[in-house]
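Chemist: Attaching a single structure in structure tokens format; questions to follow.
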Amino acid sequence: MSLWDNKGVPHKGWHCVGMIDLGEDAEDMDFETRKAELYEQCQMCKQEGIRYVHIMEHPSYSGQLRVGCICAENMENDYVAPRGRENDLINRHNRKMNFLKREWQPRTNGNLVLKYKGSYITIMRSKFGQSEYGVAFAGKYIWNYQGKKIRDIRTAKLAAFDIFDQ
Ligand SMILES: [Zn+2]
């Protein structure tokens, strides 16, 4: 049942505490085949299939609701900001996909190096696990992406992007 029909759930006065792009790392051509994993159901109306999740909180509702843009607009009573937040995610996704297309230079030691915005980023294999990769930048090393070990070059590039684009 839609929570819009539930008198115990406030209809107005919500605010957004975070945004998620469920297709953040997917190529655009993946969306048709991977719809089931790249979309979820809006928890407010139980209808919208959403890729961009607005995480909503309300002072008199315990817990959060993950909703789509149309419900977020109604819950916040704001018909500009939710769309703007989605556009920010769309732009970030586009920057990310463009970053993946950059040419990295292979080094004789097997590392990959990219000069980006005047700095060098290096992708290397872990000395301890040959199936693991790390990203080095400005004297720092990153061995995880979204809480998991980096096990392929594409994931290493996604981790490299996050260094520049939080
Ligand atoms: Zn909805």
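The values are calculated or read from the model by the stated rules, or taken from the named source; none is laboratory data. Owing to the predicted nature of the structure, the values given are computational and were not obtained by experimental measurement. Because the Cβ atoms are built from the backbone with ideal geometry, glycine has one as well, and the counts that use them run over all protein chains shown. Note: accessible area is taken over every heavy atom of the protein model, side chains too, but ligands, DNA and RNA are not part of it. Shrake-Rupley method; radii C 1.70, N 1.55, O 1.52, S 1.80 Å.
Chemist: Going by alpha carbons, how many degrees (0 to 90, nearest 10) lie between the helix axis of 153-164 and the longest principal axis of the chain?
Modeler: Helix 153-164 and the main axis of the chain meet at about 70 degrees.
Chemist: Can you tell me the order of 118-128, 104-114, 64-74, 41-51 when each peptide is scored by its average per-residue count of other Cβ atoms within 10 angstrom, highest first?
Modeler: 64-74, 41-51, 118-128, 104-114
Chemist: Let me ask something else. If you restrict to DSSP beta bridges whose two residues both lie in the chain, what percentage is antiparallel, to the nearest 5?
Modeler: The antiparallel fraction comes to roughly 100 percent.
Chemist: Tell me the per residue accessible area of the chain using a 1.4 Å probe; a whole number in Å² is fine.
Modeler: On a per-residue basis, 59 Å².
Chemist: A further question on this structure: If you take the Cα atoms of the chain, find Rg, then find the Kirkwood Rh from the mean of 1/r over all pairs, what is Rg/Rh?
Modeler: The Rg/Rh ratio comes out at 1.09.
Chemist: In nm, to one decimal, how far is the modelled label at A36 from the one at M97, with both set 7 Å along Cα→Cβ?
Modeler: In this crude spin-label approximation the distance works out to 2.3 nm.
Chemist: Find how many whole Å separate the alpha carbon centroid of region 11-88 from the alpha carbon centroid of region 103-164.
Modeler: Between the Cα centres of region 103-164 and region 11-88 lies a distance of 31 Å.
Chemist: For region 102-165, what number of Lys pairs, 8 or more residues apart or on separate chains, have alpha-carbon atoms under 15 Å from each other?
Modeler: 4
Chemist: Taking amide H positions as placed in the peptide plane 1.01 Å from N, state which residues far from Q43 in sequence (5 or more) or on other chains have amide H under 5 Å from it.
Modeler: Amide H neighbours of Q43: R66, V67, G68.
Chemist: Let me ask you something else. Taking a ≥ b ≥ c as the square roots of the Cα gyration tensor eigenvalues, with a/c under 1.5 meaning rounded and otherwise prolate when a/b beats b/c, else oblate, which class fits region 102-165?
Modeler: oblate
Chemist: In the chain, what percent of the accessible surface is made up of carbon and sulfur (1.4 Å probe, ligands and nucleic acids excluded)?
Modeler: 49
Chemist: Next up: For helix 81-100, what angle does its Cα long axis make with the longest principal axis of the chain, in degrees from 0 to 90 and rounded to 10?
Modeler: 20
Chemist: Related question: Report, ordered by chain and residue number, the aspartates and glutamates lying within cross-link reach of K46, taken as a straight Cα distance under 13 Å and ignoring same-chain residues fewer than 8 apart.
Modeler: D5
Chemist: As a test of the formula, what do you get for the chain when each DSSP H run with n ≥ 4 contributes -39,500 (n - 2.57) and the sum is divided by the residue count, at 222 nm and rounded to the nearest 500 deg cm²/dmol?
Modeler: The helix contribution divided over the chain gives -8000 deg cm²/dmol.
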